[in-house]
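The values are calculated or read from the model by the stated rules, or taken from the named source; none is laboratory data. Quick caveat: nothing in here was measured; it's all calculated off a predicted structure. Using ideal geometry, Cβ is built from the backbone for each residue, glycine included, and neighbour counts are taken over all protein chains shown.
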Amino acid sequence: MKLVYQDLAERTGTRTLAGWMTMLLAAIILAACGGGATTTSQDPVAEAACDPDNPDTFEQCGTVMVALTDADGDFVTYTVDVLSLKLETANGRIVETMPRKTRINFTDYVDLTELVTVATIPPAVYVSGTISLDYSNAEIFVEDSSVMDDPMQGSKAAVVTDIDGNILTQTELKIRLSDRDQLIVTRGRPALLQLDFDLDASHTVDIAATPAEAVTEQFILAEVLPVDEKKIRVRGPLVDVSIDEMTYTVALRPFHDRSGDFGRVKVNVIDETEFEVDEVMYVGIDGLRALDIAGPGTPTVAKGTLNVAEREFTADIVLAGSSVPGIDRDAVVGNVIKRNGNFLTIRGATIVPSDRPTHFHNDVVVEVGPETKVFKDGHRMSDLSIDAISIGQRVTIRGNQPTPTTDALAPQILFDATQGSVRMHVTRLSGIVNEVMTGQTDITLHSIDRRRVQIFDFTGTGKSDGEDADPDNYEIATGNLTLADFSTGKPIVARGFPTAFGWAPPDFTGRTVIDYTDVRSALGVGWGVDGTAEPFRNIGPEGLVLFNNNPDIDQRHYIKQGPVLIDLTQLDSDTTILPRETGRLAFYIKSADSVRMYSHFDDFANDLSASLVGGDRARSMHARGKYDVDSNVFTAYKIGVYLLEP
């Protein structure tokens with residue numbers, strides 16, 4: 001299947017410096033204006049002098065940083081191999097940005113973006129690209145809500161097929177950028193391209209089948225100025241350290257790759273940057289010095305922020321040496337769903353062996369002990385014990401897997417961390433507000449890190465049996481965090497840490513609390529295989545009015561607001577969809593072999609209206625943004641419509 005991004009015109013020729021600057025300024029102005037118009041322009045950047053394979057011409061080359069992310073979807077894990085990512089210039093020159101294939105779990109990137117390659121390529125205007133995915137060894141699982149009463153279950157393997165029912169083996173997706181959002185690569189300043197594989201928009205999942213069936217019509221969006229601003233993760237072995245500049249450089253290796261060189265990345269360190277080097281805590285320059293002592297080749301993984309304008313990455317947390325999962329010892333990543341003494345049951349576990357590829361496992365039982373070291377994101381001391389690890393906590397555990405297995409649905413396996421370590425990560429809750437008090441909010445808990453609350457056993461979390469965490473009245477300490485008035489009965493999302501085991505209430509300490517006024521929502525509508533000629537009551541320059549009770553509507557007709565599913569067909573009025581007034585925007589129209597991208601809503605609305613008048617039929621629609629229940633208005637920062645051409 002091919003995805004083609006609308007109409008990127010060719011640019012050819014070379015310019016004088018003044019002429020080049022004039023053309024570059026014009027391109028920047030056009031990019032700022034957005035849209036998806038089909039204009040023809042000329043190439044302001046010479047590419048002939050650079051040969052990436054020739055060291056003598058290296059200084060004439062440019063670089064492009066390619067990042068991958070994902071939108072929230074139905075999958076517990078979606079792991080496939082990325083075989084290649086090729087970029088093409090306006091005059092047809094093709095360059096490969098991936099030195100080798102890499103294995104990616106796209107569900108890792110709902111709240112995170114992974115930097116996957118920093119490629120040295122000729123300076124040019126790049127108008128298109130091709131990404132190749134390999135499904136032959138895919139690990140794809142969905143949560144099975146039909147087994148809610150069985151705590152030992154919860155995940156089901158899935159097969160991915162095309163719309164004709166053929167099981168996918170390899171796919172090659174053609175990406176063509178909008179002419180207003182071209183990828184301009186120049187010397188001396190890295191360009192940025194973010195690919196968003198929207199799993200939710202791309203798949204329709206049938207959970208009743210065994211294995212589950214996921215029919216895909218793949219959406220991959222390409223953004224030069226990403227709409228979603230997420231934390232960035234950078235992995236790779238250390239190249240060098242500059243104490244004076246407060247930076248270090250790594251040879252990029254995305255996900256859990258143990259070989260290959262995907263380019264060089266400079267990581268900036270500030271006084272507040274947390275380090276864990278060989279399981280010892282440091283802060284700021286002390287951590288950088290410890291990293292310098294560890295020396296070149298030391299494995300590292302950093303999470304932080306990317307200044308898009310300057311292309312500078314600054315780390316919040318850095319792990320190095322034996323603190324990196326899968327280095328020296330095996331590792332397991334997941335959420336604690338049960339605790340029995342020193343035995344933790346980890347659900348939805350990604351196992352990172354020290355000598356084999358990663359794999360998914362439904363449940364892993366981990367034994368911890370008095371010698372187990374415990375670390376916590378944002379906690380700069382090493383004074384924690386295993387008592388800090390409670391139910392719901394998202395963890396990375398380093399230790400030994402004595403009985404290796406790659407069967408994800410096999411009986412529980414035992415993981416020994418008695419001489420290992422546990423790092424506790426920020427955990428995400430979703431629920432409905434029961435009551436708001438000063439410094440505390442009580443909620444009906446629906447999910448923890450997007451896993452349904454029914455799988456979690458809160459026995460032992462309280463100071464006494466009667467004080468164990470109750471998901472029907474889960475107590476969140478909010479401190480000085482505030483919620484909007486009249487929040488009772490509304491969705492809420494909180495990020496923070498469960499209270500230490502045996503010390504509740506409160507049950508959770510929130511670092512951030514997002515109430516219904518800011519909870520991100522997703523709208524999804526389908527109109528069957530034949531589509532519909534009237535998806536909207538009105539299409540105008542200011543917004544869309546959805547035809548909620550269209551007779552062609554199929555099983556997808558919901559707004560998901562936090563944990564709440566709102567049935568569009570049961571609302572009293574048609575839903576209005578508006579573009580948000582501030583921030584970057586992305587709109588797209590997909591057909592069988594193309595995706596036309598826009599950053600201005602009026603351009604998108606004009607194309608959508610003209611296409612429907614011309615005989616196209618709408619098959620599906622997806623939007624992301626915020627939903628106001630009272631006004632029935634969905635304010636979107638992304639809107640996509642899939643049209644069937646006559």
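Among the residues of the range 119-171 satisfying the criterion of being among the charged types (D, E, K, R) and modelled with pLDDT under 85, which is surrounded by the most Cβ atoms within 10 Å (Cβ to Cβ)? So the residue we want is Glu143. Among the residues of the range 554-575, the ones that are modelled with pLDDT of 95 or more, part of a loop (DSSP other than H, G, I, E, B) and either touching a Pro at 6+ places or on another chain (Cβ under 9 Å) or closer than 11 Å to Leu523 by Cβ (or both) come to 1 in all. Selection of first residues in the range 511-534 that are closer than 30 Å to Gly614 by Cβ and of second residues that are acidic (Asp, Glu), restricted to Cβ pairs under 6 Å at least 6 apart or on distinct chains, gives the following pairs, ordered by first then second residue: Gly526/Asp554; Trp527/Asp552; Gly528/Asp552; Gly528/Asp554; Thr532/Asp552. Screening Leu83, Leu68, Leu87 for residues that are over 16 Å from the mean Cα position of the chain (by Cα) and buried (at least 22 other Cβ atoms within 10 Å of the Cβ) leaves exactly one candidate, Leu87. The strands (runs of 3 or more DSSP E) found entirely in the range 192-300 that carry 1 or more residues being under 21 Å from the mean Cα position of the chain (by Cα) and touching a residue at least 12 places away in the same chain (Cβ under 8 Å) are 203-206, 212-216, 220-223, 231-242, 264-268.
Just one of the listed residues (Val241, Val205) is assigned by TED's automatic domain parsing to the domain that holds Ile121, over 22 Å from Leu87 (Cβ atoms) and either modelled with pLDDT of 85 or more or surrounded by 19 or more Cβ atoms within 10 Å (Cβ to Cβ) (or both), namely Val205. Taken over the range 247-268, the residue count meeting the criterion of being over 17 Å from Arg311 (Cβ atoms) and either out of contact with any strand residue (DSSP E or B) (no Cβ under 7 Å at 6 or more places or on another chain) or not charged (D, E, K, R) (or both) is 7.
Restricting the range 102-117 to residues that are assigned to a strand (DSSP E or B) and under 10 Å from the mean Cα position of the chain (by Cα), the residue that is nearest to Ala349 (Cα to Cα) is Asn105. Looking only at the range 164-177, which residues are without any contact (Cβ under 8 Å) to a residue 60 or more places away in the chain and in contact with a strand residue (DSSP E or B) (Cβ under 9 Å, 6 or more places away or on another chain)? Result: Gly165, Ile167, Leu168, Thr169.
Is the range 495-508 home to any residue that is out of contact with any Phe, Trp or Tyr (no Cβ under 8 Å at 6 or more places or on another chain) and of a type in the set (Ser, Thr, Tyr)?
No, that holds for no residue.
Listed conditions (1) closer than 13 Å to Ala623 by Cβ; (2) part of a loop (DSSP other than H, G, I, E, B); (3) not aliphatic (A, V, I, L, M) are all met by Tyr588, apart from (2). Taken over the range 594-639, the criterion of being buried (at least 18 other Cβ atoms within 10 Å of the Cβ) and basic (Lys, Arg) is satisfied by Arg596, Arg617, Arg619, Arg624, Lys638. Among the residues here, Gly439 does not qualify as surrounded by fewer than 20 Cβ atoms within 10 Å (Cβ to Cβ) and either closer than 19 Å to Ile389 by Cβ or touching a residue at least 60 places away in the same chain (Cβ under 8 Å) (or both). Taking (1) farther than 30 Å from Asn434 by Cβ; (2) of a type in the set (D, E, K, R); (3) over 29 Å from the mean Cα position of the chain (by Cα) in turn, Asp554 satisfies each apart from (3).
When the residues of the range 489-547 are narrowed to those that are hydroxyl-bearing (Ser, Thr, Tyr) and surrounded by fewer than 17 Cβ atoms within 10 Å (Cβ to Cβ), which ends up nearest to Val564 (Cα to Cα)? If we take residues in the range 489-547 being hydroxyl-bearing (Ser, Thr, Tyr) and surrounded by fewer than 17 Cβ atoms within 10 Å (Cβ to Cβ), then Thr517 is nearest to Val564 (Cα to Cα).
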